[in-house]
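Reviewing the structure listed below.
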Amino acid sequence: MTVREPMPSGGRFSILGLAPYVVLALVSLPLVILFGWLLYSSFFPRVEGLTPIGEFSLDNWRFLWNPNSVQQLAGRSIWALTFNTFIFAISVSLIVVLVSSMAGYALSRLAFPGRRTFLSGVLILHSFPSVTLLIATFIVLRQIGLFDQLVGVILVKAAFEIPFGVWIMK
């Protein structure tokens, strides 16, 4: 059995304790309304201004069961694309968290020569926009055979995110 600490207000309901939740609710309300409106208007063929035009239909959602209905999908299933995105997100997250946490731990706990220089280098690497490395990344991926492969995209994204992760974990 655990002993509960007494509440600061003596166990009574506090209006001041409710204030952050009210502020968050008020800030979130416009976003919830806008997402609700987007969902609602997606069931109509057209929207002019804020007025849905036409009959209620599922035509805008037909790509879920008929991939040929959208030219850009080129017959590929949206579910396969969603699965690839899921694999991409999980893989990048795992790589970045694992590498960044190990590097951050080493940089925080171990004193070694060049530590400060390494941290400065990490910060400088993070300051480069990804676009400046685009051509070099393309050439490297093409040379090692990972161009247009999911593994190549995962490695590139993780490589761009690791400096920030190391800096945050440090």
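The values are calculated or read from the model by the stated rules, or taken from the named source; none is laboratory data. Predicted model, so just to flag it, every value in this text is computed and none were measured. With ideal geometry, Cβ positions are generated from the backbone for all residues, glycine too; neighbour counts draw on all protein chains shown. All accessible areas refer to the heavy atoms of the entire protein, side chains included, with ligands and DNA or RNA removed. Shrake-Rupley method; radii C 1.70, N 1.55, O 1.52, S 1.80 Å.
Full extension of the chain between residue 44 and residue 151 yields a length gain of 34.6 nm, computed as 0.36 nm times the residue separation minus the alpha carbon distance.
Determine the shape class of the chain: with a ≥ b ≥ c the square roots of the Cα gyration tensor eigenvalues, call it rounded for a/c under 1.5, and otherwise prolate if a/b is greater than b/c, oblate otherwise. Show your work: numbers first, answer last.
Details: a/c = 2.49, a/b = 1.09, b/c = 2.29.
Judged from the Cα gyration tensor, the chain comes out oblate (a/c at least 1.5, b/c at or above a/b).
Which residue fluctuates the most in the chain, going by a Gaussian network model with Cα springs under 10 Å, if the choices are 138, 13, 56? Evaluated over the chain, the most mobile residue of the options is 13.
Would you kindly state how much longer the chain becomes between residue 111 and residue 83 on full extension, computed as 0.36 nm times their sequence separation minus their alpha carbon distance, in nm to one decimal? Mind showing how you got there, number by number?
Values: separation 28, 0.36 × 28 = 10.08 nm, distance 4.28 nm.
Contour length minus Cα-Cα distance gives 5.8 nm.
Counting charges near residue 118 (Lys, Arg +1; Asp, Glu -1) among other residues having Cβ under 15 Å from its Cβ returns a value of +4. The charge dipole of the range 1-143, taken about its Cα centre with unit charges on the Cβ of Lys, Arg, Asp and Glu (plus for the first two, minus for the last two), comes to roughly 620 debye. Entry note, the chain: the mean residue ellipticity at 222 nm calculated from DSSP H runs of n ≥ 4, each adding -39500 (n - 2.57), is -20500 deg cm²/dmol after division by the residues and rounding to the nearest 500.
Take the chain with all the other protein chains still there, run a 1.4 Å probe, and you get 80 Å² of accessible area per residue. Connecting C-alpha atoms closer than 10 Å in a GNM of the chain, tell me which of 89, 106, 158 has the biggest fluctuation. Looking only at 89, 106, 158, the biggest GNM fluctuation is shown by 106. Within the listed set 107, 24, 125, the residue fluctuating most in the Gaussian network model of the chain (springs between alpha-carbon atoms under 10 angstrom) is 24.
Using alpha-carbon pairs under 8 Å, 6+ residues apart, how would you state the relative contact order of the chain in percent? Intermediate values should be presented prior to the final figure.
Working: 104 pairs, mean separation 34.3, N = 170.
Computed over the chain, the figure is 20 percent.
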